[in-house]
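Taking it in order: structure first as structure tokens, then the write-up.
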Amino acid sequence: MRWLLLRAWILCWLMLVWVLLWGSLSAANIIAGLAVAVVITVLLPLPAVPVEGRVHLLSLARLAVQVAVWLVMSSFQMAWLAVRPGRLPVNAVLRAHLAIKSDLVLALGVNIMNLTPGTIVLEIDQARRLIYVHVVDAGSDKAIERFHNQITTLERLLVAAFERESDWRPVANKEGA
């Protein structure tokens, strides 16, 4: 039943994207969108992604609020760096460790970092859970400490929202099932 609901959700989402791309809500666009969605899901199926743990809505809301705050703050910081007089900011590639168990949650964390103005993840060492991030304005110890505090907070919020130890049930251990 869960699989069927997920498939229906994917078809509806793809159909909605199709309608939004065409810019008008009509029966023809809805039917064409559903046809394209069926073709995409049948001919180009995504591999199954193991999902371990549970989603905790209150923690997810805290994560969303914190990410929104980071987006606003970093946007203003990048705007200030662009218009302020003086030297260009010092950029750096910094390494950070994310103690996140799930590849899916790790990908979410990396996407959050990539969305934040002034940072972009350059490399992910999946085995050691290290990320290498290009950071704009890393010219002081305070700026580097602020980056590492942001990573620590992101990790804490992701674990609270998706990977609490009490809910963790790794799929990899179910080989015999």
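Residue check: is Val69 open to solvent by 30 Å² or more (accessible area, probe 1.4 Å), under 26 Å from Val159 (Cα atoms) and more than 17 Å from the chain's Cα centre (by Cα)?
no
Does the stretch 116-123 include one or more residues that are in contact with a Pro (Cβ under 7 Å, 6 or more places away or on another chain) and under 27 Å from Leu88 (Cα atoms)?
no
List every residue pair whose Cβ atoms lie under 6 Å apart, where the two residues are 6 or more positions apart in sequence or sit on different chains, the first residue falls within the stretch 141-166 and is farther than 14 Å from Gln66 by Cα, and the second residue, located anywhere, is at pLDDT below 95 and among the basic types (Lys, Arg).
Filtered contacts from the stretch 141-166: Glu163/Lys101.
Note down all Cβ pairs under 8 Å where the first residue falls in the stretch 86-112 and is without any contact (Cβ under 8 Å) to a residue 40 or more places away in the chain, the second is in a loop (DSSP other than H, G, I, E, B) and open to solvent by less than 20 Å² (accessible area, probe 1.4 Å), and they're at least six residues apart or on different chains.
Short answer, once both residue conditions are applied: Leu106/Leu98; Leu106/Ile100.
Examine the stretch 89-101 for a residue that is touching a Lys or Arg at 6+ places or on another chain (Cβ under 8 Å) and open to solvent by 50 Å² or more (accessible area, probe 1.4 Å), and state whether such a residue exists.
yes
The values are calculated or read from the model by the stated rules, or taken from the named source; none is laboratory data. The model shown is predicted, which means the values in this text are computed figures rather than measured ones. FYI the Cβ positions are ideal-geometry reconstructions off the backbone, even for glycines, and counts take in every protein chain you see. What goes into the accessible areas is simple: the full protein's heavy atoms, side chains included, and nothing from ligands, DNA or RNA. Shrake-Rupley method; radii C 1.70, N 1.55, O 1.52, S 1.80 Å.
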